[in-house]
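Right, one structure below, let's go through it.
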Amino acid sequence: MAQQDIGNKVPLHTLKTANEVKAFYDEWGSGGQYNKDMQSWNYTGPQETVSVFSRYALDPASVIFDAGCGSGLVGKELFSLGYHQIHGGDLSQRILDTVPTGLYRTLNQMDLNVAVDVLDDTFDAVLCVGTFTFGHVKSDALYEFIRITKNGGLIAFTVNEGVFISEGFERTIKSLEDEGKWQQCVLSKSNYMKSKGVSAWLGLFRVVKI
Ligand SMILES: C[S@@+](CC[C@H](N)C(=O)[O-])C[C@H]1O[C@@H](n2cnc3c(N)ncnc32)[C@H](O)[C@@H]1O
């Protein structure tokens, strides 16, 4: 069982293919185990990201896409701050099945490593927390997030420090800025999952489409 492998760090670096990642979360999500582990490990990624996001997204009616929403921890934080127009997508249908009813307007199973079935300029914001990590979603997804976000909208995300340089996130983030596709509001280290010795970069960028 995947959870039995969890020692000092979450063994995400062992996951290579989309099927392996999906199977991992199908199992971890079942019976609410993912939420129990995140609580006992004091996983602060959702709370930290939503806290930064709320300082820039002043309209509670913002239409938000939670990319790689998992069990809905980001949705819970957003909802408690008054954002109620939230849509979610995730690779694992089994973990989506554990999301509390009423948090999200829509929930769809999807692979964020391929083009998503969403029209251009649909959302006021995209949040992606915990999903840019070993073997999960690649940095190219940031181009897709920009495509589906409106001009002036926000993209907030975490990137596990272990893949930030090696998987090209630092380079892609800078390229997007050089290409004038977004402007940096925040890019700093967050606590993320301090109890496991895992840190992440937390970014918040404003989309530019003119
Ligand atoms: C560490 S969890 C984070 C979940 C949630 N955002 C949170 O902060 O609790 C990573 C999530 O990314 C999802 N995921 C991994 N690869 C994916 C992909 N290619 N497309 C969509 N979701 C993916 C997993 O199914 C899992 O729910």
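Computed from the coordinates by the stated procedures, all read-outs in this text should not be read as laboratory data. Keep in mind it's a predicted model, so treat the numbers as computed, not measured. Here Cβ is always computed from backbone atoms with ideal geometry, including for glycine, and neighbour counts include all displayed protein chains.
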Quick query: amide H of F65 versus all other amide H atoms, modeled in the peptide plane; which residues come in under 5 Å with a sequence gap of 5 or more or a different chain? H87, A125, V126, L127
Principal-axis tilt of helix 18-29 within the chain, Cα atoms, nearest 10 degrees: 70
Karplus-derived 3J(HN,Hα), 6.51/-1.76/1.60, for each residue of the stretch 194-204, Hz, glycine and proline x: 4, 4, 9, x, 10, 10, 8, 7, 10, x, 9
Under a cut-off of 24 Å between alpha-carbon atoms, report the lysines in cross-link reach of K22, not counting same-chain residues fewer than 8 places apart. K9, K36, K76, K138, K196
Taking K209 as the anchor, which lysines have their alpha carbon closer than 21 Å to its alpha carbon, excluding any fewer than eight residues away along the same chain? K150, K174, K181
Arranged from highest to lowest average of other beta-carbon atoms within 10 Å per residue, in what order do the peptides 100-112, 189-201, 60-72 appear? 60-72, 189-201, 100-112
Label-point separation in nm, K138 to Q39, each point 7 Å along Cα→Cβ: 3.7
Which order, highest average first, do 78-89, 147-158 follow once you tally other Cβ atoms within 10 Å for each residue and take the mean per peptide? 147-158, 78-89
Could you work out the helix-only [θ] at 222 nm for the chain, with each DSSP H run of four or more residues adding -39,500 (n - 2.57) and the total divided by the number of residues, to the nearest 500 deg cm²/dmol? -8500 deg cm²/dmol
Kirkwood Rh and Cα Rg combined as Rg/Rh, the stretch 2-207: 0.93
